[in-house]
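So the structure is just underneath, and the comments pick up after that.
Any read-out appearing in this document is the output of simple, stated calculations on the displayed coordinates, not a laboratory observation. Computed from a prediction, not measured in an experiment: that's the story for all the values here. Virtual Cβ from ideal backbone geometry, glycine too; neighbours counted across all protein chains shown.
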């Protein structure tokens, strides 16, 4: 693989700093039908999206196409190869990596995967801590046209076996012992349950029986033709989300759907190369990949990776590295504010803090503003299927930024529906249905695509209220309803009331 060759395929977008490929992709082929269309091997990712009308709509507005992750990095390396991308967040020391380092490591990893015979469209699953290798592997998989499947850290044998079996993963990449769990033993059990899993590779660890070290494979010369990078509408990433169902749901994203999130960030929050963010939750989440791999690559900013969250260490890292963005789920913010070493003077570099989860309360947002004095504090709403759908904006009144989840970002549409599917109207609770350029192209299991309406909206399963100005407030889940004396009560609303009266 040659990053310069990929750079030649890209062009800069002067309005937002994003990079768009000049080539056009094709829709994923139907499930398990062999080589079709665009020369790509089908990987079971049969979807009804993006249909031609959706592509035409987003291309007409300039929201699509968006470039692949590897094309983004190629352009970044062309511009600022020596700029620091990642710093290891440790108590002492911590190595730094430049964008050039990221590209070089990704190129070696890509060669290793090609040497194993990984072809475009095949799935490479990986479950790694918040390590530099995770970011490099995501780029490497993308650069050869394979499908990257990050697996979140809490998944164990049952969930991982389901994921690798359903996705027909050909390769699984794991660490050694992390937090008392030997992932090599876990991978051995997964391999027995997933018949298509041919290779298990280890990172920073001696391989177990029948496994190989990825680092060793990176040193092996690779022969053959150049890899086939993703087109803007090819399925490039497969994320699993547990939601409220028994089995994880495989969500399909393309360079264009994920790139749309970066575009929203540029328009709403104006990131810059001087920004430095702190990763305090697993990289394997969609938010981890988008916010801590893609966003720094596009804008040339830096990030600090915490391997595992430690509130006192987080405070020290903010002070040491002058972190400008330190958001996360409510539990992370609350733990950091309660840390023994927390002091306002240690975190005064923070200029922005966002929170996006079902249990965000106005009280937590007010506390965040007080703790991060001078920072822009806001809520947002998103899900694996449709990330960053709503967001508070700098010009919004404080009561809206703290008390609601914001308005749909530009280019997105929202509506509320009652149980019969009729419009719920302003200030009437209903199920939130969403549509936008960042909406996934479907589920790996075609049966789950029933969640999409005939006109392309996703039924989120979340209950919400929308006011006359378009601000949305999530009130709970359709399944999280308490029925008392014949009346439906929102569990989320009760939790918010309790939080306001400790």
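Assorted remarks:
- At 1.567 mPa s and 4 °C, Stokes D of the range 113-212 from Kirkwood alpha-carbon radius, µm² per second: 98 µm²/s
- Computed packing ranks the peptides 448-460, 325-337 as 325-337, 448-460, most packed first, by mean other Cβ atoms within 10 Å.
- Here the range 309-500 is treated as an ellipsoid with the same Cα gyration tensor; its semi-axes, largest first and in whole Å, are 32, 19, 16.
- Considering only the range 309-500, percent of DSSP beta bridges that pair antiparallel, nearest 5: 85 percent
- Expressed to the nearest 5 percent, the antiparallel share of DSSP beta bridges inside the chain is 60 percent.
- Between the range 170-237 and the range 419-455, the alpha-carbon centres lie 35 Å apart.
- Fewest-first ranking of 230, 270, using other Cβ atoms within 10 Å as the exposure measure: 270, 230
- Cα shape, the range 372-455, gyration tensor, a/c 1.5 rule: oblate
- The fraction of Cα-Cα pairs per 5 angstrom bin, counted from 0 for the range 90-136, comes to 5, 17, 22, 24, 17, 8, 4, 2, 1 percent, rounded to whole percents.
- Spin-label model distance (nm) - residue 359 vs residue 154, 7 Å beyond Cα toward Cβ: 1.0 nm
- Over the range 309-500, relative contact order from alpha-carbon pairs under 8 Å, at least 6 apart, %: 14 percent
- Based on the reciprocal of the average 1/r between different C-alpha atoms, the Kirkwood radius for the chain equals 23.2 Å.
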